[in-house]
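Working notes, beginning with the structure itself.
The values are calculated or read from the model by the stated rules, or taken from the named source; none is laboratory data. What you see is a predicted model, and the numbers here were worked out from it, not measured in a lab. Glycine gets a Cβ as well: all are built from the backbone with ideal geometry, and neighbour counts include every protein chain shown.
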Amino acid sequence: MSPSMTSGPDQLVLPASTEAGGQPVVHFVTGRDKVLRLSRQLIEFSARCGQPGAMHDIAYFLSKPGALPRIPHLLLVSKTADLNLRSPDLDDVLGILLIFEQRVSGFGVRAFATNDRSGRGTLIAQPSQRATVVALATRALLERGAHLILMSFRAEDIPGSAMAAELPLLAVVAHGKGVARWARRERTIPGYLPLSETFDSTVAKIGQRTRSNLRYYRRRAESLLGCEFLPRIEVSREDVLAFNRECMYAVPAEVIGWRYDSLQELSEPIFMGIKDRDGRWLSMLGGRRYLDRSEILWQLNRDGLAVYSLGTVMRSYFIEHEIAHGSRRLYIEGGTPHPIKFSFVAENLIDLVVVRRTLAAKVMRMLAQRYIKPDNELSHMLGAKGLEWLPC
């Protein structure tokens, strides 16, 4: 640690000036329960920063299953060292980063990654402060011994030149040399589907083939299967587990059990489904509403009925129902392979990877490339060709 830096168990003071002329302080709030206590302040702060909804229903994202158990860390960058971490004064907060440390056999391995593919719920700060908050958080994690860091966040208002300027200035230096190196890339994802005043005016803006399918498969399911839409369903956990076993792309029992249980933690949960004329479940959908937005979190579709395109049928009902409910944006958590994604508003993301110059980091990098699923952004970044790696 450099001589100009001081630290306590829950904070790091970094040598860079705030607008008030002091030194910014990175405070760590660690653990699900401690982070959840700040839910109200996080929602308010995200609205202040022009990122409304970014921290709604944070309990869901704090408990989301992954390949490894994870410890959530909320990093608050503030203007003061005496920030009350139970009830922070938001006027003193410059920005927030939510990131997770991977655990193996119950121990943190100092590999950190954000847990939101959309990048919406990762970094919260005023536009002018976002690059600085990323750099300060990166340095704080390195000072705590991080071997590997992956952050994915919205690219708006953080041009590449700003990021390139910030990280070296806040570098962690040992014996005159940088202790890590970093690389970044920008990518575009389908963000959300704009919802108009009516179903017809909404689908009129969707590609012709997708628009036709939303109507055709719904009429077909109603005619041949006697399909009935239920906008609010009440079924037991055991019934959902049993239905999952009969579905295409069934997920492990612990995952579908968590999905069912997590609906209870959402501020405005969505749980809807469709049945055939004999009362058999054809599809179930779990989601949430917040502000003027609706989000699909997961969907189950009965196996053996691919010709009926039940996923498309369910989404047709969902879109119509949420428009009537007053929603103006449709999100799909984790993205979707469905062609409807081509009608979504595009959003730009930045992926930032920082790798420490240690043997442990090299081993982690090799293991990540070998064992992490290829659709994971960390795997993509570590194996990407042509990335420019810079010292920090």
Worksheet, complete the sentence: Filter region 306-335 for residues that are touching a residue at least 40 places away in the same chain (Cβ under 8 Å) and in a loop (DSSP other than H, G, I, E, B); the one that is surrounded by the fewest Cβ atoms within 10 Å (Cβ to Cβ) is 334
Practice prompt. Starting from region 283-300, keep only residues that are closer than 20 Å to residue 55 by Cβ and outside the structural domain of residue 321 (by TED's automatic domain parsing), then list their pairs with residues that are modelled with pLDDT under 95 and assigned to a strand (DSSP E or B) whose Cβ atoms are within a distance under 8 Å, requiring at least 6 positions of separation or different chains.
Written response: none
Discussion item. Just to check your reading of the model, which residue among 191, 257, 207 is under 22 Å from residue 64 (Cβ atoms) and over 19 Å from the mean Cα position of the chain (by Cα)?
Written reply: 257
Worksheet, complete the sentence: Exactly one of 265, 228, 222, 295 is charged (D, E, K, R) and more than 29 Å from residue 203 (Cα to Cα), and that one is 265
Response to the item:
Condition set aliphatic (A, V, I, L, M) and more than 13 Å from residue 125 (Cα to Cα), scope region 34-58, selection surrounded by the most Cβ atoms within 10 Å (Cβ to Cβ): answer is 58
Fill in: Single unsatisfied condition, residue 270 versus (1) within 24 Å of the chain's Cα centre (by Cα); (2) part of a helix (DSSP H, G or I); (3) buried (at least 18 other Cβ atoms within 10 Å of the Cβ)
(2)
Worksheet, complete the sentence: Taking region 86-105 and keeping only residues that are in contact with a Phe, Trp or Tyr (Cβ under 9 Å, 6 or more places away or on another chain) and among the hydrophobic types (A, V, I, L, M, F, W, C), one is left with 90, 93, 96, 97, 98, 99, 100
Worksheet entry | region 109-134: number of residues that are more than 17 Å from the chain's Cα centre (by Cα), of a type outside the set (A, V, I, L, M) and surrounded by fewer than 18 Cβ atoms within 10 Å (Cβ to Cβ) | 3
Worksheet item: In region 119-143, what count of residues is obtained for those that are assigned to a loop (DSSP other than H, G, I, E, B), in contact with a strand residue (DSSP E or B) (Cβ under 7 Å, 6 or more places away or on another chain) and in contact (Cβ under 8 Å) with a residue 40 or more places away in the chain?
Response: 3
Discussion item. I'd like to verify a number: residues in region 206-250 that are surrounded by 12 or more Cβ atoms within 10 Å (Cβ to Cβ), farther than 26 Å from residue 263 by Cβ, in contact (Cβ under 8 Å) with a residue 24 or more places away in the chain and basic (Lys, Arg), how many?
Written reply: 2
Worksheet item: Quick one: which of 76, 98, 94 is hydrophobic (A, V, I, L, M, F, W, C), farther than 19 Å from residue 32 by Cα, under 22 Å from the mean Cα position of the chain (by Cα) and crowded, with 20+ Cβ neighbours inside 10 Å?
Response: 94
Practice prompt. For residue 4, indicate whether it is more than 17 Å from residue 78 (Cα to Cα) and either at pLDDT 95 or above or surrounded by 15 or more Cβ atoms within 10 Å (Cβ to Cβ) (or both).
Written response: no
